[in-house]
Amino acid sequence: KVLKMKIAHTFWNHPKKSLVGSVIAGYVGKWMYTKYTDYEFRLEKCRYVHSSGKERINQLQIPKRITLILNPAAKHGKAMKLFEKNASPLLQLSGCEVNVIRLEYEGHAKALMAELENGSTDMIVAAGGDGTVNEVVTGLLRRADHANWSKVPIGIIPLGNTNSICQRLSFSNSFNSQAKWILSSTCNVLSSNIRWVDALEVKSELGKSAYVLTDMAWGSYRDTFVKESKYWYFGPIKTFMTHFFSLFKTDIRTPRLFQLAYNPPKPIPKDIEKKTEEAKLMAVNSLISKLLIIEVEEPLAEEKYDAPIEEYGSIEFMASVNNHDPHDKREKAGARIVIESSDFNWLNFLREGPKRIVAGKPIPVKPETVIDCSEFQLVPLSSNESWFGMDNEKFEAFSCHATVIPNCL
């Protein structure tokens, strides 16, 4: 009772110091609790993988060979520590033969995929952020013999900042820490769950291709989103403050002008459906979850479009793929283009902008035109420097032809 009175007396006489101390104690307590639950979760997953790894295999069967592409520069250089503490123990206990390759420069993953020998691995795992996954997929799809890699699965371990590809197409993040997400994703890489997705091939006028698995965004909201990390010191209100400071930038308030032509969604070819079903049957007993099985056929570029080319103005242009329910059987495949209003509204930008990212997926604030298409041609009209965001990776805006490749991943 005396101790309680002393504590109350201290709070009464030193209210400011007591308030600051309480806040610090709360943050420290939360941090310690998160670390403790991470440890318990890690121990649980290690026991589970260890019991699975001790299962006997046929004497003629060899352990699965995993080629893991690790980007140590992801998450501002913290990826290596996250990997060694969470994913690495599970992979070592799995009984698989794991070959870890560290990336040393931008584009290294593409070069590695181009140099991989046929039959050298049973599985490819991209351990990093969205850029790492995108480079691995792009490197494989650009190979002349990419058809030979059609049955090699690709898993994702989320070590980056946004990890939107993993969030939307692989294993969603429903945890209060990234460590738990990494542990669960690694366990899923060693299981047998399958998700099939489309890809959007974006080809420049020079003929070079990039591949999009989630969104291709261009506009004010995209430019604001990429600046959010600069305002980290605002903590829980950093998203709001990023939008607030962006209001004073002229390029954010200026609509993007462009020309657009497109073709409606096309039926999924029967041969693709058949190959997809065959690959699914072959993957039932494989050690991969939420994987991308790559089988791509070169799309034929068409110069004619059913919808004539038109001029638009918009605060935000976004083309997204894989908007369908993965459990639904589709007859047609396509991308969804959302063109927002060209009128910049300060109140909507500040009120709705910070809330537009839900579970890693951007939700349009004020859509003016929605188009479902199988391919489209986009021609930016402004001479000012601007940037596309493809799977959250930065590309200078350029005239392009984009084609949806159904059920290829």
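The table below lists the values:
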| quantity | calculated |
| --- | --- |
| Sorted by Cβ density within 10 Å, fewest first, the residues HIS401, HIS243, HIS76, HIS50 | HIS76, HIS50, HIS401, HIS243 |
| Most mobile listed residue (LYS81, LYS45, LYS180) in the chain, GNM with C-alpha springs under 10 Å | LYS81 |
| Among LYS203, LYS230, LYS85, residue whose mean-square fluctuation peaks in a GNM of the chain (springs only between Cα atoms under 10 Å) | LYS230 |
| Length added when fully stretched, SER51-ASN118, from 0.36 nm per residue minus Cα-Cα | 21.0 nm |
| GLU311, GLU393 arranged by Cβ crowding within 10 Å, fewest neighbours leading | GLU311, GLU393 |
| Segment 153-159 - phi-based ³J(HN,Hα) in whole Hz, Karplus 6.51/-1.76/1.60, Gly and Pro as x | x, 10, x, 10, 10, x, 10 |
| Debye, to nearest 20: dipole size of the chain, +1 on Lys, Arg Cβ, -1 on Asp, Glu Cβ | 2860 |
| HN-Hα J in Hz across segment 104-116 - Karplus 6.51, -1.76, 1.60, θ = phi - 60°, x for Gly and Pro | 10, 7, 5, x, 5, 4, 4, 5, 5, 5, 5, 9, 4 |
| For GLU368, residues with placed amide H under 5 Å, excluding near neighbours | ILE339, GLU340, SER341 |
| Per-residue HN-Hα couplings for segment 327-343 [Karplus 6.51, -1.76, 1.60; θ = phi - 60°; Hz; x = Gly/Pro] | 8, 7, 8, 9, 9, 10, 10, x, 9, 10, 9, 10, 10, 7, 4, 7, 7 |
| Over 28 Å (Cα to Cα) - which of LYS110/LYS266; LYS30/LYS238; LYS54/LYS85; LYS45/LYS75 fall in this group | LYS110/LYS266 |
| Segment 24-190 - Rg over Rh from alpha carbon coordinates, Kirkwood radius | 1.00 |
| Cα-only Debye scattering, segment 31-122: base-10 log of I(q)/I(0) at q = 0.17 Å⁻¹ | -0.91 |
| Least to most buried among ARG42, ARG47 (fewest other Cβ within 10 Å first) | ARG47, ARG42 |
| Per-selection Rg to Rh, the chain - Cα, Kirkwood hydrodynamic radius | 1.03 |
| Long-range amide H partners of PHE388 with built H, under 5 Å | PHE395, GLU396, ALA397 |
| Cα Rg, Dmax, segment 119-177, angstrom units | 12.7, 42 |
| Interchain or long-range residues, amide H under 5 Å from LEU68's placed H | ASN99, VAL100, ILE101, VAL125 |
| Rel. contact order, % - alpha carbon contacts under 8 angstrom, at least six apart, segment 24-190 | 27 |
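No value in this document is a laboratory result; all are computed from the given coordinates. Everything quoted here is computed from the prediction, not taken from an experiment. Note that we place each Cβ from the backbone using ideal geometry, even for glycine, and neighbour counts take in every protein chain shown.
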